[in-house]
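Data block below; observations after.
The values are calculated or read from the model by the stated rules, or taken from the named source; none is laboratory data. Predicted, not measured: the structure shown is a model, and the values here were computed from it. Glycine also receives a Cβ, built like all others from the backbone with ideal geometry; neighbour counts cover every protein chain displayed.
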Amino acid sequence: MIMKSCKWLVGIAVATAMTLTVQSNPASAVPTIDGDASVADGYTLLSTQNTNTHFGNADSGDPINAGGGSEIDQLFAKVEGDRLYVVVAGNLETNFNKLDVYIDSDPNAGVNQLVGANLPAGVDSFCCGSDAALQNSNGLTFDAGFTADYFLTFTHGFENLGGPNARTFYAATAHYADLTDTTNGAVHSLGMQLAHRGQQNVLRGRASDYDVDGDVDSADLSIWEANYGLPGADPNVVVNRLIGDGDGNGIVEGLDLLRWQQEFGFEVSTASLTEFPFAPQSPGIDNSDALVGPALPAGLSQGDLIDQNYALGAGGCTDDEGANCAAPELEFTLPIAASDPTNTRSHRDMNNAVNLQMAYDNSNTAGVDGSGSFPFDNTGDPGNVTTGIEFSIPLDQISPDPNNPLSSISITAFVNNGDHNFASNQWGGTGILLGNLGGDGSGAFTGDLTGLDIGLIPGDQFVTIAVPPISAAAAVPEPTAVVLLAMGAGFGALNRRRRF
């Protein structure tokens, strides 16, 4: 009897090990929303870029301020459980260039050509007017067989709040529109993040942190002392914060020492949420990793968006004017205040009604190059790039017919300019081997995308990911549940044996 019991326990151990092995398989892992298609996330690679970027080449390696460039190097996706996960690997410049993403989840719905008058208005309206993104992209025609059902657009840069909390700060934002109901489609300004890689922190720093290590101490004073008086008579000397110019006037002088004295003792690890931030706006100078300050109040997980519901809840804001916000930047998410009808405070009325998650990791310096001429073939290394913009959205927010389970999802993703009306040459899919497409496909600016027919470019400029049957996904329980179930069944069997 003892040997039989031991054999049974060995069997349970083997079954448990097998269960844990299956559950740790990256193919069935829930991705960490950090801006990186790591191997552990189990993403499927759907395309690799073949065209050098003509929207500038990122070169600094900073996770926010990567230098003046935008590119799409690879595109990854997976469906896990009830959500779609996507990583657009590459870079997006912090000048409010846009990553525009169109989703085709139903071949019987959506639009093959964007006709602004027939689409919902107000998407990303603060970028370019009341009609905004979809109207500014008027005329864009997709590949044959691609009909856009939903639209997502992502951007990041240095935003400004007006009013008593006037400040400049970094924010990454996202917007959504339903294209399946003509002008009646839902439109949402979804929310923001205030730090990179999906972290739920604010950025804090001081201008007299001359060695950009996250504090203001004697090492910064030594830098100021060594460079006092520059540029002197030499016009070739580059004067910036790295050599002690804290106020940015091009001279290392006594005013910079005074600033250092006022800021001495600052430590980013102990900074408060309410301190005035120093935004990382100088590529090649600032180190965004060293600027990650305190975490926002509880209620946010990695990758979650900050919206007005959070701001007016855990974020502490007590009215639409931004009173008592735990961090002043949270005011940015609030509805337009009744006392400020012209919105001088730059409120964005953010509401993550679709439960989107996202993260930016802008640190890529590999990928395609920013040079070359026709046919613009890739001369870089896009195949090794996994960092960029990652997002996740529930399947029921990109499904025109909830009673008809999705079988596949197609995605068109490309880099657009800040006004959504000048397309780059960076697209996911086959690749275009052309220069920037501009407003009409010829590289010319026309005010919208009229005449830009992607179907005229060889190959498909979209990618497709299969959706596993819901029953199959539902049949895979959590690892702990499987182990407990197996152990429970085994102990029950052991007890039954003991009765005999």
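Are there any pairs, at least 6 apart or on different chains, whose C-beta atoms fall under 6 Å, with the first in the range 55-80 and more than 24 Å from GLN461 (Cβ to Cβ) and in the same structural domain as PHE462 (by TED's automatic domain parsing) and the second at pLDDT 95 or above and among the aliphatic types (A, V, I, L, M), and if so, which?
GLU80/VAL30
Considering the range 156-175 alone, what residues qualify as being in contact with a strand residue (DSSP E or B) (Cβ under 6 Å, 6 or more places away or on another chain), surrounded by fewer than 24 Cβ atoms within 10 Å (Cβ to Cβ) and of a type outside the set (A, V, I, L, M, F, W, C)?
GLU159, ASN160, ARG167, THR168
Please go through the range 95-125 and give me each residue that is at pLDDT below 95 and either over 29 Å from HIS54 (Cα atoms) or crowded, with 24+ Cβ neighbours inside 10 Å (or both), ordered by number.
Once the filter is applied, which keeps residues that are at pLDDT below 95 and either over 29 Å from HIS54 (Cα atoms) or crowded, with 24+ Cβ neighbours inside 10 Å (or both), the range 95-125 yields ASP106, PRO107, ASN108, ALA109.
Does PHE332 qualify as being of a type in the set (Phe, Trp, Tyr), modelled with pLDDT under 95 and outside the structural domain of VAL187 (by TED's automatic domain parsing)?
Criteria not met by PHE332.
In the list GLY265, GLY244, which residue meets the criterion of being out of contact with any His (no Cβ under 8 Å at 6 or more places or on another chain), surrounded by fewer than 17 Cβ atoms within 10 Å (Cβ to Cβ), modelled with pLDDT of 95 or more and more than 15 Å from VAL202 (Cα to Cα)?
GLY265
What's the number of the only condition in (1) in contact with a His (Cβ under 9 Å, 6 or more places away or on another chain); (2) among the aliphatic types (A, V, I, L, M); (3) surrounded by fewer than 20 Cβ atoms within 10 Å (Cβ to Cβ) that ALA40 fails to meet?
Result: ALA40 passes all but (1).
Are any residues in the range 79-109 within 23 Å of THR173 (Cβ to Cβ), of a type in the set (A, V, I, L, M, F, W, C) and not in a loop (DSSP other than H, G, I, E, B), and if so, which ones?
Once the filter is applied, which keeps residues that are within 23 Å of THR173 (Cβ to Cβ), of a type in the set (A, V, I, L, M, F, W, C) and not in a loop (DSSP other than H, G, I, E, B), the range 79-109 yields LEU84, VAL86, VAL87, VAL88, ALA89, LEU99, VAL101, ILE103.
Looking only at the range 110-127, which residues are among the β-branched types (Val, Ile, Thr) and in a strand (DSSP E or B)?
Result: VAL111, VAL123.
May I ask you to list the residues in the range 411-448 that are surrounded by 24 or more Cβ atoms within 10 Å (Cβ to Cβ) and among the hydroxyl-bearing types (Ser, Thr, Tyr)?
Answer for the range 411-448, where residues must be surrounded by 24 or more Cβ atoms within 10 Å (Cβ to Cβ) and among the hydroxyl-bearing types (Ser, Thr, Tyr): just SER424.
Please work out if ILE64 is closer than 23 Å to ASN384 by Cβ and buried (at least 23 other Cβ atoms within 10 Å of the Cβ).
Taking the combined requirement at face value, the residue satisfies it.
Return yes when SER363 is of a type in the set (S, T, N, Q), part of a loop (DSSP other than H, G, I, E, B) and either touching a residue at least 12 places away in the same chain (Cβ under 8 Å) or in the same structural domain as SER60 (by TED's automatic domain parsing) (or both) and no when it is not.
In short, yes.
Output the helices (runs of 4 or more DSSP H) that fall wholly within the range 199-314 and possess 1 or more residues being over 24 Å from TYR170 (Cα atoms), or say none.
Once the helices (runs of 4 or more DSSP H) in the range 199-314 are filtered for at least 1 residues that are over 24 Å from TYR170 (Cα atoms), what remains is 218-227, 254-263.
Going residue by residue through the range 332-354, is there one that turns out to be buried (at least 19 other Cβ atoms within 10 Å of the Cβ), hydrophobic (A, V, I, L, M, F, W, C) and either in a helix (DSSP H, G or I) or over 18 Å from the mean Cα position of the chain (by Cα) (or both)?
Looking through the range 332-354, at least one residue is buried (at least 19 other Cβ atoms within 10 Å of the Cβ), hydrophobic (A, V, I, L, M, F, W, C) and either in a helix (DSSP H, G or I) or over 18 Å from the mean Cα position of the chain (by Cα) (or both).
Of these, GLY435, GLY443, which one is touching a residue at least 40 places away in the same chain (Cβ under 8 Å), assigned by TED's automatic domain parsing to the domain that holds PHE154 and of a type outside the set (A, V, I, L, M)?
GLY435
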